[in-house]
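Heads up: the structure comes next, in structure tokens.
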Amino acid sequence: MGGEKIAPILEKTFNAIVDKKGEDVVCLDVRKITSLFDYVFICSAETDIQARAISDEIYIKLKKNEKTIPLSIEGYEKGSWIVMDYGDFLVHIFLPEKREYYNLEDLWIEAKRVEFEKK
């Protein structure tokens, strides 16, 4: 994915999270920090059911609109921390206590935040 194509897919990912009421959504541009991926989404879900619903919504919207599926999805069964790997970007969906414990925002403290307008 090149620079022009990543923006629409990030926007669709953000909207999928918001559509399923994901909370405290953060997207970090980590291109200057790591070569493994370009962006990281972090969001919270109140329950494991909601976490799976957010993951499902992202999967469905990106498959339908961007013709892409994740390389892998981890943690879906438990739902307390789901990681979706799309190659150029990752999506972390946490229950609040897991998000606080792992504190990924501090891990990527130097990353620039990507801002989206809520639709």
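Annotations
- Neighbours by Cβ (under 8 Å, 6+ apart or cross-chain): first from segment 69-80, closer than 16 Å to residue 95 by Cβ; second in a loop (DSSP other than H, G, I, E, B): 79/45; 79/47; 79/95; 80/95
- Segment 99-108 - residue that is more than 15 Å from the chain's Cα centre (by Cα) and among the charged types (D, E, K, R) and, of those, nearest to residue 55 (Cα to Cα): 100
- Condition check for residue 106: of a type in the set (Asp, Glu) and touching a Ser or Thr at 6+ places or on another chain (Cβ under 6 Å): no
- Condition met for residue 14 (open to solvent by 10 Å² or more (accessible area, probe 1.4 Å), closer than 15 Å to residue 115 by Cα and not charged (D, E, K, R)): yes
- Scanning segment 84-101 for residues that are open to solvent by 20 Å² or more (accessible area, probe 1.4 Å) and more than 13 Å from residue 43 (Cβ to Cβ) gives 85, 87, 88, 97, 100, 101.
- You will find that of 82, 60, the residue that is touching a Lys or Arg at 6+ places or on another chain (Cβ under 9 Å) and modelled with pLDDT of 95 or more is 82 and no other.
- Among the residues listed as 52, 99, the single one being under 14 Å from residue 23 (Cβ atoms) and either modelled with pLDDT under 95 or among the basic types (Lys, Arg) (or both): 99
- For segment 30-62, residues that are open to solvent by 10 Å² or more (accessible area, probe 1.4 Å), under 12 Å from the mean Cα position of the chain (by Cα) and touching a residue at least 60 places away in the same chain (Cβ under 8 Å) total 1.
- Within segment 11-29, the set of residues being within 11 Å of the chain's Cα centre (by Cα) and within 15 Å of residue 92 (Cβ to Cβ) comprises 13, 14, 16, 17, 22, 25, 26, 27, 28.
- Any hit, segment 32-53, residues being farther than 17 Å from residue 113 by Cβ and touching an Asp or Glu at 6+ places or on another chain (Cβ under 8 Å): yes
The values are calculated or read from the model by the stated rules, or taken from the named source; none is laboratory data. Every value quoted in this text rests on a predicted model; they were computed, and no experiment measured them. Using ideal geometry, Cβ is built from the backbone for each residue, glycine included, and neighbour counts are taken over all protein chains shown. Just the protein is used for accessible areas: all its heavy atoms, side chains included, with ligands, DNA and RNA removed. Shrake-Rupley method; radii C 1.70, N 1.55, O 1.52, S 1.80 Å.
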